[in-house]
Structures are given as C-alpha cells and as structure tokens.
Amino acid sequence: MPELPEVETMVRGLRPALTGRAVDRIELHDPTMLLGCTAAEFAARGVGVRVAGVGRRGKWVVVELTDDRGMIVIQPRMTGGFWLVEPPRPEHVRLTFRLANPEASVWFCDARRLGRILWFDGPDAAAAAFARAHGPDALAIARDDLAARLKRTRRAVKPTLMDQKVLAGIGNIYADEILFEARLHPLKVAADLTPREVDRLHAAIVPILSKAIAAEGSSFDAGYRTVLGLEGGFLAVNSMYGRAGQPCKGCGAPVEKTKIAGLIGRPTYLCPKCQPLRRPGARPKKG
DNA sequence: CGGTTACCCTGGATGC
DNA sequence: TGCATCCAGGGTAACC
C-alpha cells in the first residue's frame, strides 16, 4: 500500500512522537521480516537507545539513533504501517518501540508480512543500500534527469515510473494519477516520449504527490491508516484509481480499468480519450 | 543486459 | 453457512 505520500505521512506522524525519545527496548515479533542480522543481534542492539530523528527514503522509513547506534530501516511494502494508538489487530504487530519517560509504545504492523526491517551500522551503510535500490526521490528529481532516465529504456512508461531505481516513491496508484494528469497513455514507450511529453510528466509528479500528502494518503478497505488510525483522504479527490466506469474528470468518458504488460497482475486505470496511445492526428503507416 | 514473470504472504470480498 | 477463488498499495530472484 504505502507509496511516497503514505510513507511521508507516516514519517510526519512518527517524527514528533519519536524524535529525542529514549527507547527502553525494541521488540521484534517476527524474525522472518528481518534482513542483515539475526534476531538475537537485533534484540541485543535494541536496548537503551535514543531516537535522533525519523526520515523517508523513497518508500522506506528511516529511524536514526543517537550515539553512533546506527539506523533502523523499515520497508512497509504492501500492508505495513505504524501506530501511535493501540492497533486494531494486535496479532499483526511485528515491531514495537517501548519508549521511556514517559512510557509509551509505537507499533509497526504488517498483516501480510511482506515488509522488511533492517538495522544499519551507520549513515554510510544505509546510504549505500539506499543508492543501490533507488534513483532520485520523486519529489526532487530534475526534469532533465527524468528525461535522461526515461531515454534509457524501451519499457512502457508506467512500469518505468514505478521502477524505484529510475525514481523513488511512485507506486501503482500514483502512477495512474500522474499519467492521467500528464495525459499520457501508460503503454507509451518511455524512451519515445517527446520533450513536451516529458515536460508534462515531470510537471505532474510533484503536484499529484503533494496533493496526496496534503490528504494524508490513500485508504481503502482495511489497508493504510495514519499513525492515529485515520483514513487518508486522497481517493475522495483523485481522478483515476478505483474509478472504473465513472466519468473522466477531463472529458466525461468512462474511466477504464485494465491490465497492462510489464506489471504482472496490477490494475491500471486510464481514460482512453484523454490518454491516447497514439497522437490523435497520426495516421497508421502504410506498407 | 534488458525486460518479463513467478513468488513471497495474508485477509477481505466475491461467487457458487 | 461454508468453501473456493480472486484480488491487493511492493519488491526481489530467476528466467529468457
């Protein structure tokens, strides 16, 4: 579930609750989600630490500790999320921060256990791991950098946008919203986008993600919630995701739900009128 | 190497 | 009601 706006919302919720706080211990309840060290090592390290700050790297949550104790990285993936209030499904708690002075808890829950938890010794190790897995952050990428990265691949533009090594933070929901805002068909070949199309795509990214952050992300069903258990409001004001059959906000034609190559089974929402695969005036080649 | 596909997990919704 | 099937915001490893 969590894409950049949801993770940013989590981080903004965690930051005031965790920054500067002493942590009696960090309890890992599901060792299978831990990468890079053993559960015993994790337990030993998680005693008597203090939080220096909380940050976001792409879709990763980074909890930085004081006194050279390194940083804990939590990847929520599909169903992970943090709770400052009692989580509604305690059996899904995978990690607990036990705070001291005054006592409190911060929980990380993940129903499907697809999330991952790592502990890095220091900023250099964490930065190296981040760089291996990510391109520039979607909120910060420059237009020409995006253009150069799109030029490198003949994949479709949607899976390219969702490739964290191209740019970090965009997932299935926001890819559809951004492509609609830019009036681009998700199957257009990334390298074939014209300079004007790249302009439109780049110009759509920050406004869509910012609007979603302002709405505290996207919630549906029993999925993502804020750290206070509230639903994010973006899907009440969005254009595409979850709106199959509803009138397109650009032209009124029904929004189409489909599956596209390069994205396994994930749904894609688009307006075939506003996001044509070929330019409306273009004639098919003869021959 | 670039691109595509299986698979990791589980809960909730849907259909019979 | 009960059971089978399908679906889901992500990411990696293996494959062609």
For chain A, with every protein chain kept in place, what is the accessible area per residue (1.4 Å probe, Å²)?
47
Filtered hits (aspartates and glutamates, Cα-Cα < 14 Å from A:Lys249, offset >= 8 within chain) -> A:Asp176, A:Glu177, A:Glu181
Using +1 at the C-beta of Lys and Arg and -1 at the C-beta of Asp and Glu, which of A:Gly81, A:Gly70, A:Val47 has the Cα lying farthest in the positive direction of the dipole of the stretch A:35-89?
A:Gly81
Can you tell me the orientation of helix A:195-214 relative to chain A, as the angle in degrees between its alpha-carbon axis and the longest Cα principal axis, to the nearest 10?
40
So what is the relative contact order for the stretch A:91-189, in percent, with contacts set as C-alpha pairs under 8 Å and at least six apart?
20
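If you average the sequence gap of Cα pairs under 8 Å that are 6 or more apart and divide by the length of chain A, what percent do you get for the contact order? Could you put the intermediate results ahead of the total?
Details: 573 pairs, mean separation 49.7, N = 287.
Contact order relative to length: 17 percent.
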Listed here are the pairs A:Lys59/A:Lys259; A:Lys151/A:Lys257; A:Lys158/A:Lys257; which of them are more than 21 Å apart at the Cα?
A:Lys59/A:Lys259; A:Lys151/A:Lys257
What residue among A:Leu179, A:Leu35, A:Leu228 has the largest mean-square fluctuation in a Gaussian network model of chain A, using Cα springs under 10 Å?
A:Leu35
About the Cα centre, and with charges only on the beta carbon of Lys, Arg (+1) and Asp, Glu (-1), how big is the dipole of chain A? Nearest 20 debye, please.
1740
Relative to chain A, whose Cα atoms define the longest principal axis, helix A:123-133 and its Cα axis are tilted in degrees, nearest 10, by 30
If you build a Gaussian network model of chain A, linking Cα atoms that sit under 10 Å apart, which residue out of A:Asn238, A:Asn172, A:Asn101 swings the most?
A:Asn101
Taking only Cα atoms and a 10 Å spring cutoff, compute GNM fluctuations for chain A and point out the largest among A:Gly262, A:Gly81, A:Gly115.
A:Gly262
Charges on Cβ only, +1 for Lys and Arg, -1 for Asp and Glu, centred on the Cα centroid of chain A; of A:Pro136, A:Leu235, A:Thr153, which one is farthest towards the dipole's positive end?
A:Thr153
Once you have the Cα-Cα distance between A:Ala44 and A:Thr32, take 0.36 nm times their residue separation minus that, and quote the gain in nm to one decimal.
2.6 nm
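Grab the DSSP H runs of chain A that are 4 residues or longer, score each as -39,500 (n - 2.57), total them, divide by all residues and round the 222 nm result to the nearest 500 deg cm²/dmol. List each step's numbers first, then the result.
Working: 7 runs with 77 residues, N = 287.
Roughly -8000 deg cm²/dmol at 222 nm, from the helical runs in chain A.
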How much of the accessible area of chain A, probe 1.4 Å, is carbon plus sulfur, in whole percent?
53
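The values are calculated or read from the model by the stated rules, or taken from the named source; none is laboratory data. Remember, predicted model here, so these are calculated numbers, not experimental data. Positions of Cβ are generated from backbone atoms using ideal geometry, with glycine treated the same way; all protein chains shown enter the neighbour counts. Note: areas computed on protein heavy atoms with side chains; ligands, DNA, RNA excluded. Shrake-Rupley method; radii C 1.70, N 1.55, O 1.52, S 1.80 Å.
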